[in-house]
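The values are calculated or read from the model by the stated rules, or taken from the named source; none is laboratory data. Note that the structure is predicted; figures quoted are calculated from it, not measured. Ideal geometry is used to build each Cβ from the backbone, glycine not excepted, and the neighbour counts take in all protein chains shown.
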Amino acid sequence: MNRVKDKICLVTGAANGLGEAAVKLLAEEGATVILTDIDEERGENLAQEIRDTGAQALFIRHDVTSEDDWQSVFSTLTERYGRLDVLVNNAGGGTYNDVGTLSLKDWKHIIALNLDSTFLGTQMAIKSMKESGGGSIINMSSVGGLVGSPNLVAYSAAKAGVKLFSKSVALHCGAKKYNIRVNTVHPGLIKTESGMEMASKATGLSVEEAEGAFAAMHPIGRIGKPVEIANMVLFLASDESSFATGGEFVVDGGYTAQ
């Protein structure tokens, strides 16, 4: 308990899936959490669920591709809390297309949702954190940002961009002595609603059959659980990871070790 006690943590895409698991665990460990998402109903309900446990939580509707929305989020959190200690750029997603079937419109949307949003959030977090003594920025990439996939061309491009963008920013923050750490997390297939939907589309199988097929691709023998990614987020948010910056933290059941 209290691994992130009194830290102010902002998590995007927090209404479900990996974001939901992250905010719940951060709140359990003593953080004040700001949840953002475009799903207002689920986001508000989750924030209330967290408050019902005695923890501090605030939901803000937020389109992560909008610079105006980012400015509004940071204006609210600065007014309420005075600082930001941890940013988790978790919001993202993709479509299942190869280079021959992907439209330019979808390409631009996927790049904006995954990479532009990470740039906007990271830039604004640095401006805030360098004034308050530092912090931790955790950018959600993917195994798709480490190895290629024929049918996730835009998603893989965006997540690979998140990885090298984050390394470059980590070097910048180190050179400037901002005391801001920047790292990426690279999940394998995780049992979330969106993850299983993508697995089903990729294989043409039912969700249950697709889970079995993807489990066989992971040396550990199964796909991941959201809390297993949340545990890595918690580590990077906490002072336990104080010597980690510019790193890529792979949590994939051995998928990319092959």
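The residues of the stretch 192-216 that are part of a loop (DSSP other than H, G, I, E, B), over 30 Å from Gly135 (Cβ atoms) and at pLDDT below 90, listed by number, are Gly204, Leu205, Ser206.
Suppose the filter is among the small types (Gly, Ala, Ser) and either touching a residue at least 60 places away in the same chain (Cβ under 8 Å) or surrounded by fewer than 20 Cβ atoms within 10 Å (Cβ to Cβ) (or both); does Ser156 pass it? Against the criterion (among the small types (Gly, Ala, Ser) and either touching a residue at least 60 places away in the same chain (Cβ under 8 Å) or surrounded by fewer than 20 Cβ atoms within 10 Å (Cβ to Cβ) (or both)), Ser156 does not qualify. Restricting attention to the stretch 176-199 and to residues that are among the hydrophobic types (A, V, I, L, M, F, W, C) and touching a Phe, Trp or Tyr at 6+ places or on another chain (Cβ under 7 Å), the residue that is farthest from Gly121 (Cα to Cα) turns out to be Ala199. Name the residue that is farthest from Leu164 (Cα to Cα), counting only residues in the stretch 200-224 that are among the aliphatic types (A, V, I, L, M) and touching a Lys or Arg at 6+ places or on another chain (Cβ under 9 Å). Top of the filtered list is Ala210.
Of the candidates Glu193, Glu209, the single residue that is touching a residue at least 40 places away in the same chain (Cβ under 8 Å) and surrounded by fewer than 23 Cβ atoms within 10 Å (Cβ to Cβ) is Glu193. When restricted to residues that are part of a helix (DSSP H, G or I), free of Cβ contacts under 8 Å to residues at least 60 places away in the same chain and among the hydrophobic types (A, V, I, L, M, F, W, C), the stretch 217-258 contains 3. Scanning the stretch 127-152 for residues that are over 21 Å from Pro226 (Cβ atoms) and in contact with an Asp or Glu (Cβ under 6 Å, 6 or more places away or on another chain) yields Gly135, Pro150, Asn151. Note on the stretch 28-45: residues that are more than 19 Å from Gly134 (Cα to Cα) and either crowded, with 24+ Cβ neighbours inside 10 Å or not assigned by TED's automatic domain parsing to the domain that holds Ser242 (or both) amount to 4. Kindly establish whether Met124 is farther than 30 Å from Gly253 by Cα and either at pLDDT 95 or above or surrounded by fewer than 21 Cβ atoms within 10 Å (Cβ to Cβ) (or both). Yes; evaluated as a whole, the condition is true for this residue.
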